[in-house]
Structure formats: C-alpha cells, structure tokens
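Written below as structure tokens is the structure these notes are about.
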2 protein chains.
Amino acid sequence: MAPALLLDVSPAPRLSKASLALTPPDTPSSTSPATTPAPLLAPWQAISAQKIADREANLQRHPEWRLASPLDPNVKHVASYPFSKLTPREREIVSLDATALTELLAIRHYSAVEVATAFCKSAAVAQDLTNCLTEIFFDEALAQAAELDRHLQETGKTVGPLHGLPVSIKDHVLLDGKDTSTGYASWAYKSVATKDAVVVSLLRKAGAVFYVKTANPQTLLSLETENNIYGRTTNPFNRTLTPGGSSGGESALIACHGSPLGVGTDIGGSIRIPAAHGGLYGLKGSVARLPHAGLLGSHDGMEAIVGCVGPLATSARDLGLFCRVMLQYEPWYIEPPLLNMPWNDDLANGKGLPSKLCFALLSDDQVVLPHPPIRAALECTKQALLAAGHEVVEWKPMDHQQAWDLIAKLYLLDGGREYYETMAESGEPPVTMSKWILDHANGREPYTVAETFRLNADREAFRARCMAHWNATAGVTSTGRPVDAILCPVAPTLAPPHGTTRWWGYTSYWNLVDYPSVVFPTGHLSSEDFSTSRAAELPIAPARNDIERYIRDQWSPQTYNGAPIALQLVGRRHEEEKLLGVLGRLEDAIRTHS
Amino acid sequence: MAPALLLDVSPAPRLSKASLALTPPDTPSSTSPATTPAPLLAPWQAISAQKIADREANLQRHPEWRLASPLDPNVKHVASYPFSKLTPREREIVSLDATALTELLAIRHYSAVEVATAFCKSAAVAQDLTNCLTEIFFDEALAQAAELDRHLQETGKTVGPLHGLPVSIKDHVLLDGKDTSTGYASWAYKSVATKDAVVVSLLRKAGAVFYVKTANPQTLLSLETENNIYGRTTNPFNRTLTPGGSSGGESALIACHGSPLGVGTDIGGSIRIPAAHGGLYGLKGSVARLPHAGLLGSHDGMEAIVGCVGPLATSARDLGLFCRVMLQYEPWYIEPPLLNMPWNDDLANGKGLPSKLCFALLSDDQVVLPHPPIRAALECTKQALLAAGHEVVEWKPMDHQQAWDLIAKLYLLDGGREYYETMAESGEPPVTMSKWILDHANGREPYTVAETFRLNADREAFRARCMAHWNATAGVTSTGRPVDAILCPVAPTLAPPHGTTRWWGYTSYWNLVDYPSVVFPTGHLSSEDFSTSRAAELPIAPARNDIERYIRDQWSPQTYNGAPIALQLVGRRHEEEKLLGVLGRLEDAIRTHS
C-alpha cells in the first residue's frame, strides 16, 4: 500500500549521498540544497531523497509557521526559538505539561484546535532546527482536533482522559496510514501501517491528537539518533551534541516545546537517555506492564531481552498520567503478553509510602566514573534527601561490566545477521553508532539454540543475584527494610558530541534485571560557571579501562555547555507506582532543600 | 555430595534390563525378583538397581507398615488397600483434605506426628501397589513432625499456615539433601540437592512436613510416568492404566490416600492429566504466578514455552490454600521471574462474582472426539449449570491441531539433542513415551536463532488470535460480557492403558496460550453400567485423522473400568482466583442439580 502522502509531493530533488548522510549535523537536511546531481544514486539514497522531499512538502503546507530564514548552523542553543513564531497564548499552551493541558482542554479553557495549532507550529520549527521529525500530518491533526471540539461542544463530554492532547509518536510505532520506516531506508514506503499499535489505539481512544512521528536511529539499537533516511537529529540545547536515542526525535521535539508528551521505547536506555539529554522526564517500566504490540523493528520474536514502550514528558506527574490512561483500558485483554495489573494511582501519588524513605546511592558503577556535573548533581540530591529527613545508604555496584557483556550478547544473538540483511535490501551502510554496536558481535556466527538457553540461564542467575543484593540492603538501613529506590546516573556524561556515546551501563543494567526506572532533570550545565567552580573534580586515579579513558578524555565543560543534567531513580520490578511515588518525594525534597 | 541414604543400603541386587524396564506394569518393580543375573550391566542398569535397593531399604525401616504379602498382580483396583493397614483414626486422617487437616492440626485435634504417621503408612502401601515413590524418608518426617508438635505445645502457636501438613514433592523439585534424579538414570546420585526449590522452602516455612518424593517420567515431557530407574507407575484405580504424567507419582500416591497435597509441574498437561486420571483436583496457573525456581530438568533456560509448579489435591479449596500460602510470602522478592500479584482469596472464594455466570463449552476440539464417558460428563455438567441458572454457550474450537504442531516444535527447539545427550551419559534408552515425543522432531537439526524468533512470533500471533476469540464471546452471551470460563475435556480418553497416550491437545493448548486451568473429578467409570447404557454413543462419522482413529479404536468400557472421570475449567491469564471462584460455583451447581 502506497502512503497517501506520496500523492501530493513534488518530484524528489536528486540528492547526493554527501548532501544527506554527510550533512553537518546542525544543518537540517530538509533545507540542504541539492547541489550535486548524482546520476547513479544507490537505492537507499533515492529513497532518502524521496522521504526528505515528502517531509519538506508536508512542512511547506504551512510555510507561515517556519522560521523566515534558515538559522545560522553555528547557533548551538535553539530550544527557545519556536517561541518566536508563537502568540502569547500559544506560548502559554506549549509551556504547560500534559496534565494541565488535559484539565484545561476538558473545561474548554483551550480548544483542541488551538492546542494542536500551537504544538504544530512549534514542531515545524523544531524540525527545521533539530531534524527531529519523520512523518508530518498537521492538517489531519487539526481536523481531528476540530472534531473533538465539536464533540465536546455538542455533548458536553470529553471523548476520554486525553481529550485534545497532542501526542508525538516515535517512528517505529505503528500509526494507521503512516509509514513506519523505523530508521531503515530499506523499509521506507514498504511499511505503511494498516493499523495502530496498541499504545496508539488507546491514546486515540483517550482523545489524543496525532500530528507527527519522530526520528529514531537505524537498527534502534543506539543511544543516538541517526539514520540513512534523514541523517542526524541534534540536541536543541547544543546542536553539536546528540539528543540521545533511540527516542531522540522525541527528545529534541519535546525539548523545543513541540510536543507535551511523547511515546518512546527502551531496551537499553532508549527512553531514559533521550529524556536525560533533553532535560525531560522519561519512564521505562517493567517489561509487559504497558502496551507494546504493534512496533516495527528487527528481531521480531526475540525474547531474551525485551523492550518497553513508555512516556517522555515535561513533568513527573505526566508519566503517571500516561500509565494510568493506558491501564484504565485493561490492555491485558487486548495484548496477550501484558500483565493483568491495574494501575494504583494513589500509590503513584505517594499515598501509603512511609514518611521516611531510604535511598541507595550508586555514584560509580566501577566501570566508568561519571563526569563532574553528574557527580555534583548526585551529591546535591543526596544532601536534599538527607535534609528532608530521608536516609541515603551506599549501593555497592554489582558487576556492571559483566551485565553489559551479557546484555550485548542478548542483543545480538544472531551475530547481527538480521540487521545486515535489512541494510542490504537498500544497500544502505551502517551509520556510525550502528557499526559501533554491531562490532560487539565481532562477526561471530549466530548462537545455537543450546547456547541461547545458557545465556537465558545466565541472565536469570544475574537477576537472582541482583534481587538478593537489593534484599540485603535491609541489613544497612536504619528501618531494617530494603531500600525504596536506587538513585544513580543515567549515563557517565551529559549529552555526548555526535557519534561518541560509549557506555550504556547505567541504563542497560536495569533492562537486564527488568527494574522500572525513571529519569528526571536537575538543571543545565553552564560551562562558564562550572569551569571556574568544579574543574578540580576531575579524578586523579588512572582510568580503569579503555572506555573510561575515552570518556574521561572527553570531559571539558565547554563541550557540554547548555546540556541538561539529569539523574535516574530505579525501583523494584512491577512497582512503577511506588517508583513514581518515591520520585514525588524526592522532588519535594529538592524543591525544599536545594 | 553423596546422598546420606546410600550409607544404609544393602548391596544392590543385580537386575537385568528385562526385569526393570520390561517389568509388567502391574508388578511393582521393587518386588520383582532378580531372576536373570546379568554379568555385564549397562551403567544405567546398575544405577537403577542401586536406586531401587535404596528405596527398598528405606521402606524396610518400617516393615510393619507394608502389606503382609505382595498383592496378586492381577488385582487392578487397589486404591483402598492402604486402609487395611490403618487404624480408624488414621483412616479418618487420610480421608480429610489439606484445609481440614491444617485446621485440626492448628487446634491440636491431631498431632503432627499422628498425621505424618498415617500418611507415611499409606504411602508405604501406595508404593508397593503402584510404584509411585522415589525418595523415602519417613523417619526424618516423624522427627520434623515431633518438633512441630513440641513447638505448638510450648508456644501455643503454629509455625505457619500448613503446620504439620504432610506434602509430597515431585522428584525433579529440589528438596535439600535428597537426590533429584528426575527420571534419568543418568542423573541419579549426581543431583543430590544442596538447597530447597523456592516452592519447597516456602512450604517448609509454612510448616509442611516432607516425607517422600514422587515418580516422574524420563524427560518429564510425557503424560505417563515411566523411567529407567524405577520402571512404570500404575493407576491405583486400575493398574493396567497409567496414572498419567509427568506428575504421575503424585497422582497414584494421593489417590491411595498417601498424601493430602502434592507439588507437581505442568508444561503440557503434567499436573492436569495425572489429576484427572487419579480422580483429583489439579491447578496449572499462569506462568510465573507461583514459585518455579529450583527444579531440575532438561532445557534449563528454554523460555519459548515455560512450565508451572502447581498443586494436586483432593478438594478445590486446597488448590486455593496452596496458592494463598505461596503468595503470602511475596515470592516475587525471592524469585525474579515471578509476578508481583498478591493472592485475592475473596475472589477465589467466589466473592464479587456475578450470580449468573457464563460458561463456554468446548466438547470436541475437531482433532480427537473424546470418548463417550467424557462427553456424558460434559453434558451432565452443562445441564447442572443451566439448572442452576448459569448460561452455557458453545466454544468454537480454534485450530487445535495447529496449536499442537506449534507447541511440539517449541518443546523440541534443539531437535531433542539435550535429551539424547543426557540419556547417553548412562547409556539408558528412551522409554516408550520418550521415544514417542522425541519422534516429533523427526531427527531434524536444532532450529537456528532466527527460526526460534519466528516460532516465538508465531506463538504470540496464536495467543493474540485466541484472546480475540475469547473477547468475541461477548457477542453470544446474554449479558454482553465475554464468557467467564471454558468447560472442556482434560483428554480425549480416561486414563489410557500404559504406553498409549496419543493426544495432548486438550491440555497443551492452554499452556501454549498461558491460560490457567483446573481439573476436577466428576466420578468413576463403571464398565458394567456404562456398557449397557451408553455404548451407542460411539460416533458414526469416519475418523478425521490417524490419532482420532487410534483413540476411537481404543474405546471399550471394559478397558477403562474403574478409571476416574474428570473435566477441565479454563480461565483468563493471571485470573487464577476467578477461575477457582467459578469452579466453586460450578461444583455448587453439580451438587445441587445432578
């Protein structure tokens, strides 16, 4: 089935490979001039050119929403530029979180059309600034919003708890009628969805408005966002940095006020890393707690390590809103693998938690020491928790290198074969970070079935040890209870320069053991302030391994100027509600005591 | 570590293969004379001889509990023979269900020692009659019971909710200090447990008394119970028939009043089939609802299809008791894969269920029509349900042959390699039913990783279709709600003659889709009554396939004389409590209206 979008587009400009994949990251691909007509385009290059032209044509339906002229590529911090195109009321709208928006939409303080318009306008600018979008369908969104306004006016009732809320959707999540190219030139135009993913169908039922899909990297197995269709997505706080990945389009879009709530996915950090690098909140729940059916990706049927759908948002309470709405539809009667576990909203709001909580602090995983601003944020948060009367004990790191070695095998049970086969379909090369992760398989043969059994057993043994490790914290807390949550870094660095992400261990560890984890922002790095006050914090001890050396050598406040700082909170399996409740207490402590 | 038991045994009689594996099924192996001294025993034969000698020595510590002389092998119905060795008070004890026993133990109406003694005596006779036991340690049990009595007397408190309740444990479940040969001669003496399985540790914590482990078949992948260590276990209601498997030792033991509650496991019917063939109750819950860690078996780490631990018992309420006790210990903090889902005892007791329930009746899976007594039991139950005011609609069978073809592949992802390798360690041959199931792989190579991904995806697609099928029943019920449970056969036949089980489809289907299912007894076949009244029910249409032909040709009331009749009730995933609540209503209907 050909996508409807194709019918309207002008002929594709013929772009050379150089003008696409090699576009400088802070020059949006869509505005690149087709300077070098290439008589012999590889299949993937022709596909890329057509997809970019399609996207450009869709943006050009509303030229009045775009910046008057392309931004100087040397301008790094662009997150607030979308405001320049908005009315004061629209600025107000795009500055609210999803919870506030749904409340104000329900009482008709805002119409769905004006909310959709505000976010479409911001999204258009965000795209031109950061290259964060894939499929764009603003007019459909406005029509959907108008229909919702009509419904509310006529019936006096919202269609559901997200009535009129714009929600952005990561590219590989099926949205009926839209292409699902998933970062593969090989899949573009061949993957137009004929139905919604479960998460999308429930959002739709709840009244959400769809207007864009967002960029994800080739293979999805990347903590940056680059692919051969659209090139690289950049970080709006500093475009020389990655917004993270694989939900990096969401990160850049939401950080630019182009969406109040985004749907991401995470199998090694792909929600949490972009949330952190975008100064956002992001939740990776336990496997099968939230709807997951209806995603395209490689390795369908691979179950040794399973990903999760989850929200990226601008407030902690929006994460709870997303979960509550998903589970109120009892999706376990729709999608077989899901757990029949209703959402406990009281607990997510902190009701029933002990007044004194106990946190375990993991500040160094013994593989890669985090950069100084992250250590400083941990210390600052610890002091706030203590000042608020909570307890903070040490989390002794347990075998993080081993955890990475194991999960990297589970990611690549087939030695990467299917990834290479998919790329071969269009002749597209692996992008930088695809090559990096695929090299972990080192060209080996796929594992045998018996070997996969042993790897599964190794994973279970690791999980059992980690559970015992958590239980054993009862021996060091003053209450005699195990700790309530682990406070730790999201990554050893702030948003890295493009192509330099090297250590997943602070996020992938919690995928391996299947613990829910949530990311929350604590501020932004000002290189000027930090250089003078904290440079001395660079460690003196020699690096413990090559990765730590690489990352240590990378440290310089100037590199990360403007980048968001974020931390991670980890809970016990299936205890998403408690985790959010504990996060609420932690944020109370920070607000009051820091 | 050598098992302590070894220290006490007399030298092993030298048994030929003929006197072991070829022992007539109704002649307990342990009493077979070693008629043909074999100068060159294969390793597995020597192991078998030693294990049988060990067991015999343990039985002989209480010769006064055994039948005075071996029973005539031609006597088929032996289930009540254990009574002949019991005092009236002991008969009373072994006739009670676990719920009643725990209540009476808690108020010291019975002492733990007298309860243990009664069941040990029955178990000794059950072993001589049906060959149902593997490890026997009566004296340890009596010491444990004495300790429990002392505790209750001194403190006035029970140690837990199962204080003093004897519980029998299937051989492959780890019990600290005991061998876990698991039906493999190859593993005997090499698999002495150094810790308890989680289920055993929780039972122990709850106050259960351990006294025996029970026979399971070689490979565990069998719905009968035969192995090269002990030979065959027989059905106490008709020893020419199988007690089912793989929890067949439990079936024979509990049916002989040798245990009030047994721990079985089920990956294709291995709790439900022996429960049905023993006239018992048996529950296979959803995967990961009940503790499962600490089992020996082949294919550790295989996750394409996963088994469940569950209870076999003499009442429906005992199934709930078992679940409630397991989950009150929050085992999800002990065993990583378990679901954090507390037990809802009110619902298991029917509280909150609608007064009018709707049942779907699956009477023929379109592969193998059940034998007449099973169809009669379904019809009788249906009439009772209707008379009680419930609704009964038709469950249209959905692709049962396809479900079997798929699950048989998932059982044998490695083409059976690991089974053959394990057998090769001791040179033991596959027993009849091992050969039958292994032949399903037809000697093929192990699947590749990519093929296993596709099989997992096929399984998920099947599950999604089955879920939709259940949801669609809302269109045919009078309430507009989907049906509350499916009523169906457990198997197409009553307990089959040894070595003739040919169709797992009525049980393995629910493993494939991971729905909880429970078996309950409805009576016993009297061939005399049935021959005159029901013989006309044999179907006239030609058999639809070879298996149906085989099973149809097998039908004769005389063959199954005395065999229990049982049916199966199936619920939705993770809804074990509702399933038991619905079973309670169904049994109310039968009691009142049939």
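The values are calculated or read from the model by the stated rules, or taken from the named source; none is laboratory data. What you see is a predicted model; the values in this text were computed from it and never measured. Neighbour counts run over all protein chains shown; Cβ positions are idealised from the backbone, glycine included. Calculation scope for accessible area: heavy atoms of the full protein, side chains included, ligands and nucleic acids excluded. Shrake-Rupley method; radii C 1.70, N 1.55, O 1.52, S 1.80 Å.
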For B:Lys284, counting only aspartates and glutamates whose alpha-carbon sits under 14 Å away and dropping same-chain residues fewer than eight positions off, the answer is B:Asp266, B:Asp318, B:Asp514, B:Glu575, B:Glu576, B:Glu577
Averaged over the residues of A:336-344, the number of partner chain Cβ atoms within 10 Å of each residue's own Cβ comes to 4
The value for segment A:116-251 (convex hull of the alpha-carbon atoms, volume per residue, Å³) is 102
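For a distance above 14 Å, tell me the whole-number percent of Cα pairs in segment A:441-520 that qualify. Numbers along the way, then the final one.
Details: 2365 of 3160 pairs.
Taking all Cα-Cα pairs of segment A:441-520, the fraction more than 14 Å apart is 75 percent.
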Treating only Lys and Arg (+1) and Asp and Glu (-1) as charged, each at its beta carbon, one finds that the protein assembly as shown has a dipole about its Cα centre, in Debye to the nearest 20, of 540
If R0 = 45 Å, then A:Gln366 and A:Glu421, at their Cβ-Cβ distance, give a FRET efficiency to the nearest 0.05 of 0.75
Rounded to the nearest 5, the percent of antiparallel DSSP beta bridges in segment B:352-593 equals 60
Per residue of B:451-464, other chain Cβ atoms within 10 Å number on average 4
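Quick check: at a probe of 1.4 Å, how many percent of the accessible area of the protein assembly as shown sits on carbon and sulfur atoms? Mind dumping the intermediate values first?
On the way: 21800 of 40010 Å².
The value for the protein assembly as shown is 54 percent carbon and sulfur by accessible area.
So, with +1 on the Cβ of K and R and -1 on the Cβ of D and E, and no other charges, what is the size of the charge dipole of segment A:4-333 about its Cα centre, to the nearest 20 debye?
About 240 debye.
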Per the charge dipole of segment A:202-325 (beta-carbon charges, Lys/Arg positive, Asp/Glu negative, Cα centre), the residue among A:Ala313, A:Gly297, A:Ser251 reaching farthest to the positive end is A:Ala313
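Consider all pairwise Cα distances in chain B and report the whole-number % of them above 40 Å. Please report the intermediate quantities before stating the final value.
Working: 36573 of 176121 pairs.
Tail of P(r) above 40 Å: 21 percent of Cα pairs.
If you count the DSSP beta bridges with both ends in segment A:4-333, what percent of them are antiparallel, to the nearest 5?
Details: 14 of 20 bridges.
If I count the DSSP bridges inside segment A:4-333, around 70 percent turn out antiparallel.
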Between the alpha carbon centres of segment A:152-172 and segment A:339-353 the gap in Å comes to 24
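So with the 1.4 Å probe, I'd like the accessible area per residue for segment A:427-562, rounded to whole Å².
Numbers: 5450 Å² over 136 residues.
With all protein chains present, segment A:427-562 gives 40 Å² per residue.
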Note to self: C-alpha centroids of segment B:307-334 and segment B:48-101 sit apart, in Å, by 27
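Counting only protein heavy atoms and rolling a 1.4 Å probe, how much accessible area do A and B lose on contact, total for both sides, in Å² to 100? Present the calculation step by step, with values, prior to reporting the outcome.
Working: alone 21430 and 21350 Å², together 40010 Å².
Heavy-atom accessible area buried at this interface is about 2800 Å².
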Placing one equal point scatterer on each C-alpha of the protein assembly as shown and summing with Debye, one gets log10 I(q)/I(0) at q = 0.06, 0.07 Å⁻¹ equal to -0.55, -0.73
Computed ³J(HN,Hα) along segment A:79-95: with the Karplus parameters 6.51/-1.76/1.60, θ = phi - 60°, integer Hz and x for glycine or proline, the list is 4, 9, 4, x, 4, 4, 9, 9, 6, x, 5, 5, 4, 4, 4, 6, 8
By the Cα gyration tensor axes a ≥ b ≥ c (a/c under 1.5 gives rounded; else a/b larger than b/c gives prolate, otherwise oblate), the shape of segment B:435-488 is oblate
Segment A:219-338, convex hull of Cα, quarter of hull surface, nm² -> 7.4
As straight-line cross-link partners of B:Lys51, the qualifying lysines (C-alpha separation under 29 Å, not fewer than 8 residues apart within one chain) are B:Lys17, B:Lys76, B:Lys85, B:Lys121, B:Lys170, B:Lys178, B:Lys190, B:Lys195, B:Lys213, B:Lys435
Percent antiparallel among DSSP beta bridges confined to chain A, nearest 5, equals 70
Out of B:Ser181, B:Ser363, B:Ser222 - ranked by how far each Cα lies towards the positive end of the dipole of chain B, with unit charges on the beta-carbon of charged residues - the top one is B:Ser363
Check: C-alpha center segment B:192-217 vs C-alpha center segment A:185-223, spacing in Å is 49
Nearest-0.05 FRET efficiency for A:Asp553 and A:Thr448 at R0 = 30 Å, using Cβ-Cβ distance, is 0.15
Rounded to two decimals, the Debye log10 I(q)/I(0) of segment B:4-333 (Cα scatterers, no solvent) at q = 0.10 Å⁻¹ is -0.51
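From the C-alpha coordinates alone, can you work out the Kirkwood hydrodynamic radius of segment A:294-395, in Å?
Working: mean 1/r = 0.0570 Å⁻¹.
Radius from the Kirkwood sum: 17.5 Å.
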Place a point 7 Å from the Cα of A:Tyr333 in the direction of its beta carbon; the residues of segment A:265-305 whose amide N falls under 17 Å from it are A:291
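Take B:His172, B:His109 and sort them by solvent-accessible surface of the protein heavy atoms, 1.4 Å probe, largest at the top.
Largest accessible area first, the list is B:His109, B:His172.
Would you kindly calculate the translational diffusion coefficient of segment A:357-593, applying Stokes-Einstein with the Kirkwood radius from alpha carbon pairs, for 10 °C and a viscosity of 1.306 mPa s, and quote it in µm² s⁻¹ without decimals? Don't skip to the end; give the middle numbers.
Values: Rh = 19.5 Å.
Translational D for this selection: 81 µm²/s.
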The correct pair for segment A:201-277, radius of gyration to one decimal and Dmax as a whole number, both in Å and from Cα atoms, is 12.2, 39
What helix-only [θ] at 222 nm does chain A give? Using -39500 (n - 2.57) per DSSP H run of at least 4, over all residues, to the nearest 500, the answer is -11500 deg cm²/dmol
Given a 1.4 Å probe, the accessible area of segment B:4-333 per residue, as a whole number of Å², is 30
A student applying the Cα gyration tensor rule (rounded when a/c is under 1.5; otherwise prolate if a/b is larger than b/c, oblate if not) would label segment B:42-192 oblate
